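Taking it in order: structure first as C-alpha cells, then the write-up.
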Amino acid sequence: MKALPFHSLLPRLPGPRFPAALLGATVLELVVLTGHLVAYPFGLTQERRTPGPLPGTPPGPRPSPLPGSPAAERPVVLLHGFIDNRSVFVLLRRALARHGRRHLASLNYSPLTRDLRTAAELLGRHVEEVCARTGQREVDIVGHSLGGLIARYYVQRLGGDRRVRTLVTLGTPHGGTAVAPGAGIHPIVRQMRGGSTLIEELRRPAPGCRTRFVSFWSELDQVMVPVETACVDHPDLDAVNVRVTGIGHLALPVHPAVAAAVREALETQETQETREGTAPSTGTTSVA
C-alpha cells in the first residue's frame, strides 16, 4: 500500500516491549495528565478573535516550512477532545510555530454540547472566520480524540472538504470505541460508540471528498477499543494511518516525536493526481 512521502522523515520512538512498554506508557500518561490539569484553567476561555495574525503567532518574519510552498500561510485549526480545551495543544502549537506556521487557531466547544453534529457546525463557522481573517482559501485541522471525529464529520458530511486541505487526527475513534458503560451517560460519548447512528453515517459513501486524512493511532491507547478503531477505513477517502508505538492516548498531542510527524504531514505537498480527482490512496506508515 502507498505510504506518505514524509515516511522517511518520521522520527522514531522506542518500539514496545510488553509489559515494560505498557508500564512506561502508563507512567507517561499520568505525567501528561498532571501537567494538563495545571494548564487546563488557562484554556477555558476562547481565543481572542482579532484582525491580523492569529493569537499565539510569534512576531517578526518567519521562514516558510517548505521553500516556495503556501504551507506557512495556511492556517492550522486545533480541535481538542472530550471534556478538554485548547490548553492540550500548548506544546504542539509551539512546535508548529517554531517551524514557520504563521496562523494557528484553537477552538473550544462546550462540554455541554449534546450532539457532535452541532459541534461540527460550530467548527464550520469557525473555519469560515479564520479564512476571512487570514485571507486564505483553505485550512489544515489537527483534532485530538473526539475533536478529530468532529472535524471528520464537518469535512465528510457538511461540505468542509472545500475548506480543509489536510485533516490530521490523533487517537480519534473513526470506527467507534467500546467506552466504559458509565461514560455513556453523555450523548456525545454514545455517538462515539461503534455502531452508533453517527458512526454509521460516516461509513456512507463520500465520493469526491477533497480532504487528505492522516490518522495517528497508538497501539498502547487505552481509550480506543480496539486500538485499530483510530484508523481511517473508508474507500472514498484519501487517507494514511500512522502507527505510533510506546505512548498512550493523552501523550499523542504533546509528544515531540508525534509533533514532528504531524508537522511533516501538514507540510507534505498534495499530489497533482489527487487534486485532479483520481482515486484516493489508502496506506499505512508508522512512528516506531
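Out of the residues in the stretch 136-145 that are of a type outside the set (Val, Ile, Thr) and more than 9 Å from the chain's Cα centre (by Cα), which is nearest to Val225 (Cα to Cα)?
The extreme case among them is Asp140.
Just to be sure I understand the filter: pairs with C-beta atoms under 8 Å, separated by 6 or more residues or on different chains, first member in the stretch 246-258 and outside any loop (DSSP other than H, G, I, E, B), second member open to solvent by 10 Å² or more (accessible area, probe 1.4 Å). Which pairs pass?
Going by the 8 Å Cβ cut-off, the qualifying pairs are Pro256/Pro11; Pro256/Leu91; Pro256/Ala95; Ala257/Pro11; Ala257/Arg12; Ala257/Leu13.
Scan Arg137, Arg102 and give me the residue that is of a type in the set (D, E, K, R), at pLDDT 95 or above and out of contact with any helix residue (DSSP H, G or I) (no Cβ under 6 Å at 6 or more places or on another chain). Lay out the reasoning, then the answer.
Working: Arg102 fails: at pLDDT 95 or above.
Only one candidate passes the filter, namely Arg137.
When you scan the stretch 201-222, how many residues do you find that are farther than 14 Å from Gly148 by Cα and among the hydrophobic types (A, V, I, L, M, F, W, C)?
Matching residues across the stretch 201-222 total 3.
If Ala71 meets every condition in (1) out of contact with any Phe, Trp or Tyr (no Cβ under 6 Å at 6 or more places or on another chain); (2) open to solvent by less than 10 Å² (accessible area, probe 1.4 Å); (3) within 23 Å of Val31 (Cβ to Cβ) apart from one, which number is that one?
Looking at each condition in turn, Ala71 falls short on (3).
What tally of residues in the stretch 36-89 results from selecting those that are at pLDDT below 60 and of a type in the set (Ser, Thr, Tyr)?
Residues in the stretch 36-89 being at pLDDT below 60 and of a type in the set (Ser, Thr, Tyr): 4 in total.
How about the stretch 173-227: which of its residues are polar (S, T, N, Q) and within 18 Å of Thr118 (Cα to Cα)?
Once the filter is applied, which keeps residues that are polar (S, T, N, Q) and within 18 Å of Thr118 (Cα to Cα), the stretch 173-227 yields Gln191, Ser196, Thr197.
Can you tell me which residues in the stretch 114-146 are surrounded by fewer than 18 Cβ atoms within 10 Å (Cβ to Cβ) and under 13 Å from Phe82 (Cα atoms)?
Hits for the stretch 114-146 are Arg114, Asp115.
With respect to Leu149, is the statement that it is buried (at least 21 other Cβ atoms within 10 Å of the Cβ) and modelled with pLDDT of 90 or more true? Break it down stepwise before answering.
Details: buried (at least 21 other Cβ atoms within 10 Å of the Cβ): yes; modelled with pLDDT of 90 or more: yes.
When the stated conditions are applied, Leu149 passes them.
When you check Val225 against the structure, is it surrounded by fewer than 24 Cβ atoms within 10 Å (Cβ to Cβ), touching a residue at least 60 places away in the same chain (Cβ under 8 Å) and part of a loop (DSSP other than H, G, I, E, B), yes or no?
Numbers: surrounded by fewer than 24 Cβ atoms within 10 Å (Cβ to Cβ): yes; touching a residue at least 60 places away in the same chain (Cβ under 8 Å): no; part of a loop (DSSP other than H, G, I, E, B): yes.
Judged against the criteria, Val225 is not a match.
Applying the selection to the stretch 82-107, what residues are part of a loop (DSSP other than H, G, I, E, B), open to solvent by less than 10 Å² (accessible area, probe 1.4 Å) and in contact (Cβ under 8 Å) with a residue 60 or more places away in the chain?
Here is the first cut: in the stretch 82-107, the ones part of a loop (DSSP other than H, G, I, E, B) are 82-85, 99-103.
Then keep just the ones that are open to solvent by less than 10 Å² (accessible area, probe 1.4 Å); that gives 85, 100-101.
Passing the criteria: only Arg101.
Report, by residue number, each residue of the stretch 108-157 that is in a loop (DSSP other than H, G, I, E, B) and in contact (Cβ under 8 Å) with a residue 40 or more places away in the chain.
Asn108, Tyr109, Thr113, Arg114, Asp115, Gln136, Glu138, Ser145 - these are the residues of the stretch 108-157 that are in a loop (DSSP other than H, G, I, E, B) and in contact (Cβ under 8 Å) with a residue 40 or more places away in the chain.
For the stretch 172-185, which residues satisfy the criterion of being open to solvent by 20 Å² or more (accessible area, probe 1.4 Å) and in contact (Cβ under 8 Å) with a residue 12 or more places away in the chain?
The first filter runs over the stretch 172-185 and keeps only residues open to solvent by 20 Å² or more (accessible area, probe 1.4 Å), leaving 175, 178-183, 185.
Within the stretch 172-185, Gly175, Ala178, Val179 qualify.
Only residues that are in contact with a helix residue (DSSP H, G or I) (Cβ under 8 Å, 6 or more places away or on another chain) and in contact (Cβ under 8 Å) with a residue 40 or more places away in the chain: list them for the stretch 159-171, please.
Gly160, Asp161, Val164, Thr166, Leu167, Val168, Thr169, Leu170, Gly171
Of everything in the stretch 236-257, what is under 30 Å from Pro205 (Cβ atoms) and among the β-branched types (Val, Ile, Thr)? Give them in sequence order.
Correct list: Val240, Val242, Val244.
Leu220: open to solvent by less than 10 Å² (accessible area, probe 1.4 Å), more than 27 Å from His36 (Cα to Cα) and not aromatic (Phe, Trp, Tyr), yes or no?
Here the answer is no, as Leu220 does not meet what is asked.
The values are calculated or read from the model by the stated rules, or taken from the named source; none is laboratory data. Everything numeric here is computed off the predicted structure, so don't read it as measured data. Don't worry about glycine lacking a Cβ; one is built from the backbone with ideal geometry, like all the others, and counts go over all protein chains shown. Note: accessible area is taken over every heavy atom of the protein model, side chains too, but ligands, DNA and RNA are not part of it. Shrake-Rupley method; radii C 1.70, N 1.55, O 1.52, S 1.80 Å.
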